[in-house]
Amino acid sequence: MQNYGSGAAAAAAAAAAPAVKRRTDSYEAAQHHPQSPESDEEYVNTRVLRRQVQLQSTPVAPVVPMPMPMPNTSAPSSVEGHVEQPEFPGSSAASYQEERMRRKLQFFFMNPIEKWQAKRKFPYKFVVQIVKIFLVTMQLCLFAHSRYNHINYTGDNRFAFSHLFLRGWDSSREVESYPPAVGPFALYLKSEFFDTVQYAVDGYGNVSRSIGPYDYPTPNNTMPPLKLCLQNYREGTIFGFNESYIFDPHIDEVCESLPPNVTSIGVENYLRQRGVEVNFASLVSAQLTFKIKTVNFKANGGPLSAPDCFRFDIAIMFNNRDHDGQMLLSLDAEATRLKCHGATDFISEANFDSMLRSVLNIFVLLTCALSFALCTRALWRAYLLRCTTVNFFRSHFGKELSFDGRLEFVNFWYIMIIFNDVLLIIGSALKEQIEGRYMVVDQWDTCSLFLGIGNLLVWFGVLRYLGFFKTYNVVILTLKKAAPKILRFLIAALLIYAGFVFCGWLILGPYHMKFRSLATTSECLFALINGDDMFATFATLSSKATWLWWFCQIYLYSFISLYIYVVLSLFIAVIMDAYDTIKAYYKDGFPTTDLKAFVGTRTAEDISSGVFMTDLDDFDQTSFVDVMRNICCCCRRCRPEQDPVQANSGYTSLSSIMK
């Protein structure tokens, strides 16, 4: 461990009595060299130092005070991290100031339990985080239940619309299976296109026959016109018999309204009367859109859930971009929640439920705002203390604080908590807008994104407090130790992985359903690394050619063997090496930075002795100008000029950042 501020006499005393705990207390030095105070300032210093010694029961070694170093910071070093300085032939102010700085840093690096034992400082941030966990988890559970009902309701309506407005729709397409049990839903004849549009128009005109409570979005509930939009190449004529064509790639869009009387005239005849010709050789896509309103009584929403009103914007899409003789057909229904105007006896209870949800949202907002303020304040005070420590090392030891020492003041847990507070504040505001029906747009997915990630980080933040215990802190320290090695290892492994991905996508893509795109290829290979669906990957290869079958066998066997037996084993070995290192640190001691060497160790007796409760360990308040001067000096790496009055008194103009 490095020694700071001991001098030649302290080093000799420490060598002579190694069992005695070292203290940098100038009062003990004064006891060995008694002399009458020559001034009032020295008398005050002596009285204050005597008060500190009375609170310390541990024997100390005599220390000769150190002189202030010259502006030249390139002091010779006999031992790494230890700067040799000449003896200080006078006041004990430097030693006293060093002890106060050490006490301040020791208190800063204490955990909330130690701070309570040392100074009876109530752990506000810890209590706020515990309260926040309960509040945001309760909020997330309620919102997840509401969102599930909402998504399930809109999905079921989309299936209902598919049966009502899509010609040839079958319920087997509503079940997601892998591999797909049926082929793509598509059209193959020109007549099928007009028949499908006609089927949708007829179904819209007879929507009252549906089981669902569907109505038209008009004041008098009359059928509004549908809208059919055709996207065509500006010119697209094909003469297949002599392999010639006329083609202009610019796309033009033509939209036509289909009034209610189309049900009797026919879509094809109506378009012909309007002068619209559907040229399937140049047709890129077509879209038929219309709207429906409905009310959901929310049987699964709970006894206090009020009904919701929705407007569904339905779009039937015809995709002919490939021009491969197959026009893909699909239906999409976008739900927009509207404000209901119902009046029933149930509304009073629903308003009570809405009020309770609003109160919970407000409490979450206030708690997250308080957490944001406390963590931001802690980071700001840590920054001020870092600037003070940097200046202290320059003025007392003539050296710069190391990068690792500066990094000790950056609490990444607080940064993560601030980030999740921002996410939760935005998500709670959106949740209040959704539940209060102040928004008519669908923001369920956006709100769930903010609340979900925010809640995830909140639970991650609990690891900070578990890290105060040795048993649980092993996981965090192991991940922290292994992170640089894992990153370097993954870079090399990803390069090999990328080669397999591109190779498989190019060669196997046209013949294997799991290699149709880069995304699906990467997903397939990652699943193979974890031993998932291996046989299906081998069995679903198309037997187009013998060489292709052999290539697929070699490709898959080599990839699986390399990554399962080699890469994964090395990956686990990297983590185990970090774990063994952490266990050795617990046995032999953790490596220390120059900052930790200066701070030293603290025992349970030191924490409970009451020395941290005295004014001796609290820095004086400073003005805004002094704070800004400290920041500028820290940023510019300058050496501040010390006031001679402060130098003689032993007090520094520093912020009281740990009250």
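Numerical summary
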| item | result |
| --- | --- |
| Count of residues meeting criterion [surrounded by fewer than 17 Cβ atoms within 10 Å (Cβ to Cβ) and of a type in the set (A, V, I, L, M)] in segment 224-267 | 5 |
| Residue in segment 104-118 that is modelled with pLDDT under 90, charged (D, E, K, R) and open to solvent by 20 Å² or more (accessible area, probe 1.4 Å) present | yes |
| Candidates 417, 476, filtered to the one that is within 25 Å of residue 591 (Cα to Cα) and either touching a Gly at 6+ places or on another chain (Cβ under 6 Å) or among the β-branched types (Val, Ile, Thr) (or both) | 476 |
| Residue satisfying all of: in segment 246-301; without any contact (Cβ under 8 Å) to a residue 40 or more places away in the chain and among the polar types (S, T, N, Q); nearest to residue 325 (Cα to Cα) among these | 269 |
| First in segment 582-605 and open to solvent by 20 Å² or more (accessible area, probe 1.4 Å), second anywhere and modelled with pLDDT of 75 or more, Cβ under 6 Å, 6 or more apart | 593/402; 593/404; 593/405; 602/106 |
| Among (1) surrounded by 13 or more Cβ atoms within 10 Å (Cβ to Cβ); (2) in contact with a Pro (Cβ under 9 Å, 6 or more places away or on another chain) - the single one residue 544 does not satisfy | (1) |
| Extreme residue, surrounded by the most Cβ atoms within 10 Å (Cβ to Cβ), among residues of segment 172-185 that are in a loop (DSSP other than H, G, I, E, B) and touching a residue at least 12 places away in the same chain (Cβ under 8 Å) | 185 |
| Residue identified as closer than 17 Å to residue 497 by Cα, free of Cβ contacts under 8 Å to residues at least 12 places away in the same chain and either part of a helix (DSSP H, G or I) or not basic (Lys, Arg) (or both) among 563, 557 | 557 |
| When residues of segment 397-430 are limited to those that are closer than 16 Å to residue 596 by Cα and assigned to a helix (DSSP H, G or I), the one farthest from the chain's Cα centre (by Cα) | 397 |
| Tally of residues being assigned to a loop (DSSP other than H, G, I, E, B) and farther than 17 Å from residue 180 by Cα across segment 518-541 | 3 |
| Every residue from segment 389-403 that is in contact with a Ser or Thr (Cβ under 8 Å, 6 or more places away or on another chain), crowded, with 22+ Cβ neighbours inside 10 Å and among the polar types (S, T, N, Q) | none |
| Leading residue by the ranking (nearest to residue 269 (Cα to Cα)) among those in segment 149-171 that are open to solvent by less than 70 Å² (accessible area, probe 1.4 Å) and part of a loop (DSSP other than H, G, I, E, B) | 166 |
| Test: residue in segment 186-202 that is part of a loop (DSSP other than H, G, I, E, B) and open to solvent by 50 Å² or more (accessible area, probe 1.4 Å) | yes |
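Listed here are the residues, each with its yes/no results for (1) closer than 15 Å to residue 140 by Cβ; (2) open to solvent by 50 Å² or more (accessible area, probe 1.4 Å); (3) not in a helix (DSSP H, G or I).
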{"residue": "432", "(1), (2), (3)": "yes, no, no"}
{"residue": "447", "(1), (2), (3)": "yes, no, no"}
{"residue": "456", "(1), (2), (3)": "yes, yes, no"}
{"residue": "468", "(1), (2), (3)": "no, yes, yes"}
{"residue": "487", "(1), (2), (3)": "no, yes, no"}
{"residue": "503", "(1), (2), (3)": "no, no, no"}
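The values are calculated or read from the model by the stated rules, or taken from the named source; none is laboratory data. Just so you know, these numbers come straight off a predicted model, no measurement behind them. Positions of Cβ are backbone-derived with ideal geometry, glycine not excepted, and every protein chain shown enters the neighbour counts. Protein only, heavy atoms only, side chains kept; ligands, DNA and RNA dropped before computing areas. Shrake-Rupley method; radii C 1.70, N 1.55, O 1.52, S 1.80 Å.
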